[in-house]
Amino acid sequence: MGMIELAVAKALASSAVFLFVTVLMMASAKRISACIILFGAQSAVMAAQVLAIAYARHSIEAYAVATLVIAVKVVAIPFALFRIVKELKAPQDVTASTTATQSVFIMAGLILLSFFAVAPYAKTLRVDEDMLAAAIALLLTGAFLMVSRKKALMQVIGLLVLENGIFLAALTTTFGMPLVIEIGIFFDLLMGVFLMGLFVFRIRDTFDHLDVSKLRRLRG
Amino acid sequence: MKTAIDVIEALLLVAMAPLIRGVIACVKARIQNRRGASVFRPYADLLKLFRKQDLVPDTASWLFRLAPVVLFAVTVAAAALVPVLHPSALLGVSGDFIVLVYLLTVGRFFVMLGAMDGGSSFGGMGASREALVSTLAEAPLLLGLTSVAVLAHSISLSAIVEFSVLRNPFQLSAVHVFAFVALAMVAIAETGRIPVDNPTTHLELTMIHEAMVLEYSGASLALIEWAQAVKLTVIMALLVGVFAPWGMATSASLLGLAVALPAFLIKLVILAIAIAAIESSIAKLRMYLVPDFLGVAAALAILAVVFTALTR
């Protein structure tokens, strides 16, 4: 019993570190498949977080949410993305418009920015400052990934990271939203990934590449 | 008693260094589905080289012969600075992590001088590349060590390691994670392992360290090879000591040391297997991508230093 409590405490205390590590690795990753794996790992960290909260509060709903996180974000979405990557038969590199060094520096700056941004609120809201900062950092870095990567699939992954940030912010400030809303969000997300997947295929078929920076002209 | 243990620790690092190289080579061979040479092969290599004639190019000056000796001397001195089995080292002084970093740099400097003194164009090319890599690696190495020094409120390696020993192993701190990643990346560059340099290649376009030692032979080459192995082991011992010192004896008691020695060896072997796995799964970077690789390490090291202020 003591060990479980210890593990729960540590999962709560150190998951922010793992989240930072995953986004920083995404910043330096060169291949789309690496980014997908990192997104899966990031979602697994969040699932551990939800499980820890569920255990600490004895909440059945939170257990259900944790199961959903694992089913949708750790298994289904990465699997679907891998499938898309495989079917696309397109080059795997992310083609960033910044070098890895610049990306990591910018991400580090965004992480620090989020720490300074949440500092005034963390005290009044009585939430864990690290976790709230991690949530904001995920939001910012997800947006940064969408802006700085040229491949259409990376926009999808950036959006998913951003959504992870929103989910984490909701989790830390309110200890999770009602189950019905969570289910709705997950369904939305899954549909979103499928739609974006379709879009990616359309882009590939129409333009013969996935570079969104070259989508300048309309084509019939 | 304590001094004796410290001397034995330093000698241990120097003596087992070729073995670590052998283990890495052996694991790599296994991963590549080869049987591989014995783990003691590097010792045989060294012995063979020590017996061979030491040829010096006609154009070379006394510097050429001096460089390997200086390299070996400073690397052994660096080995005496790193705490291995308990949080204290033979040459522990305040601020010794800076001494450690620059001892290694002095070694590199002399190898570069020797390489250029040899007169071959490869030596000059390798030396210029080495200069680039070591310049870029210095900042993240110092910053990474600084961040843990700030946490430990001390700039002596022994105190930093002692702080790590007394930490709760489950308490994962962001500073340690970032500093570890940064230092591991630097360690790869410093020791010339695969994403940065390939220690087994003799291809003109890619080699860095091998290009520098191309003109050396016999005992001089043996000293360089041995020093290179010691450097790898010292940096591995440093990573183990600062980031995963669990099992290390808190005081110099025989029982504590009896636990600490196998624990240290196991951690070193795990690290060696990790290095072999990384080297087998990653392709060597193009020379022009190395600054980017080390830039990422620098960014992480800076983040680690800033986080010391954020997490207190």
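The values are calculated or read from the model by the stated rules, or taken from the named source; none is laboratory data. From a predicted model like this one, the values you see are computed outputs, not experimental measurements. Positions of Cβ are backbone-derived with ideal geometry, glycine not excepted, and every protein chain shown enters the neighbour counts.
What to note about this one:
- Of all residues in the range B:196-226, exactly one satisfies the criterion of being surrounded by 24 or more Cβ atoms within 10 Å (Cβ to Cβ), among the small types (Gly, Ala, Ser) and either assigned to a loop (DSSP other than H, G, I, E, B) or at pLDDT 90 or above (or both), namely B:Ser220.
- Per the listing B:Ala283, B:Ala298, the residue uniquely exposed (fewer than 14 other Cβ atoms within 10 Å of the Cβ) and out of contact with any Phe, Trp or Tyr (no Cβ under 6 Å at 6 or more places or on another chain) is B:Ala283.
- Any hit, the range B:220-241, residues being of a type in the set (Val, Ile, Thr), more than 30 Å from B:Gly124 (Cβ to Cβ) and touching a residue at least 24 places away in the same chain (Cβ under 8 Å): yes
- From the list B:Val133, B:Val181, the one residue that fits, being within 14 Å of another protein chain (Cβ to nearest Cβ), under 19 Å from the mean Cα position of the chain (by Cα) and surrounded by 17 or more Cβ atoms within 10 Å (Cβ to Cβ), is B:Val181.
- Odd one out for B:Ile275, checked against (1) more than 14 Å from chain A (Cβ to nearest Cβ); (2) in contact with a Leu (Cβ under 9 Å, 6 or more places away or on another chain); (3) farther than 22 Å from B:Ala15 by Cβ: (3)
- Counting only residues that are part of a helix (DSSP H, G or I) and more than 7 Å from chain A (Cβ to nearest Cβ), the range B:303-312 holds 6 of them.
- When A:Ser43, A:Ser97, A:Ser15 are checked against the criterion of being in contact (Cβ under 8 Å) with a residue 24 or more places away in the chain, within 11 Å of chain B (Cβ to nearest Cβ) and small (Gly, Ala, Ser), A:Ser15 stands alone in meeting it.
- Any hit, the range B:153-165, residues being away from chain A (no Cβ under 14 Å), within 23 Å of A:Lys30 (Cβ to Cβ) and outside any loop (DSSP other than H, G, I, E, B): no
- Filtered residues of the range A:190-207 (kept if in contact (Cβ under 8 Å) with a residue 12 or more places away in the chain and not polar (S, T, N, Q)): A:Leu190, A:Gly192, A:Val193, A:Phe194, A:Met196, A:Gly197, A:Phe199, A:Val200, A:Phe201, A:Ile203, A:Arg204, A:Phe207
- Single match in A:Ala135, A:Ala119, A:Ala143 (criterion: farther than 15 Å from A:Ile36 by Cα and either assigned to a loop (DSSP other than H, G, I, E, B) or within 13 Å of chain B (Cβ to nearest Cβ) (or both)): A:Ala119
- Taken together, the residues in the range A:90-105 that are in a helix (DSSP H, G or I) and buried (at least 18 other Cβ atoms within 10 Å of the Cβ) amount to 5.
- Restricting B:Val296, B:Val269 to residues that are out of contact with any Leu (no Cβ under 8 Å at 6 or more places or on another chain) and more than 14 Å from chain A (Cβ to nearest Cβ) narrows the list to B:Val269.
- A:Ala56 meets the stated requirement of being small (Gly, Ala, Ser) and away from chain B (no Cβ under 13 Å).
- Every condition in (1) loosely packed, with under 15 Cβ neighbours inside 10 Å; (2) among the hydrophobic types (A, V, I, L, M, F, W, C); (3) under 24 Å from A:Val74 (Cβ atoms) holds for A:Ala134 except the one numbered (1).
- Residue within the range B:1-14 that is within 30 Å of B:Ala283 (Cβ to Cβ) and surrounded by fewer than 18 Cβ atoms within 10 Å (Cβ to Cβ) present: no
- Pair list, Cβ < 6 Å and 6+ apart or interchain, from the range B:57-78 residues that are under 17 Å from B:Pro18 (Cα atoms) to residues that are among the basic types (Lys, Arg): B:Thr75/B:Lys231
- Residues satisfying the stated conditions in the range B:93-123, i.e. surrounded by fewer than 19 Cβ atoms within 10 Å (Cβ to Cβ) and in a loop (DSSP other than H, G, I, E, B): B:Val93, B:Ser94, B:Gly95, B:Gly119, B:Ser120
- Of the candidates B:Leu285, B:Leu261, the single residue that is assigned to a loop (DSSP other than H, G, I, E, B) and modelled with pLDDT of 85 or more is B:Leu285.
- Selection from the range A:1-15 of residues that are exposed (fewer than 12 other Cβ atoms within 10 Å of the Cβ) and modelled with pLDDT of 70 or more: A:Gly2, A:Met3, A:Ile4, A:Glu5
- Number of the exception - B:Ile20 against (1) in contact (Cβ under 8 Å) with a residue 60 or more places away in the chain; (2) under 24 Å from B:Glu162 (Cα atoms): (2)
- Residues located in the range A:18-40, provided they are more than 11 Å from every other protein chain (Cβ to nearest Cβ), farther than 20 Å from A:Leu132 by Cβ and assigned to a helix (DSSP H, G or I): A:Met26, A:Ile32, A:Ser33, A:Ala34, A:Cys35, A:Ile36, A:Ile37, A:Leu38, A:Phe39, A:Gly40
- Scanning the range A:122-132 for residues that are in a loop (DSSP other than H, G, I, E, B) and of a type in the set (D, E, K, R) gives A:Arg126, A:Asp128.
- Unique residue being within 14 Å of chain B (Cβ to nearest Cβ) and part of a helix (DSSP H, G or I) when the list is A:Glu87, A:Glu61, A:Glu5: A:Glu5
- Residue in the range B:114-127 that is of a type in the set (Asp, Glu), closer than 25 Å to B:Leu66 by Cβ, touching a Phe, Trp or Tyr at 6+ places or on another chain (Cβ under 6 Å) and away from chain A (no Cβ under 14 Å) present: yes
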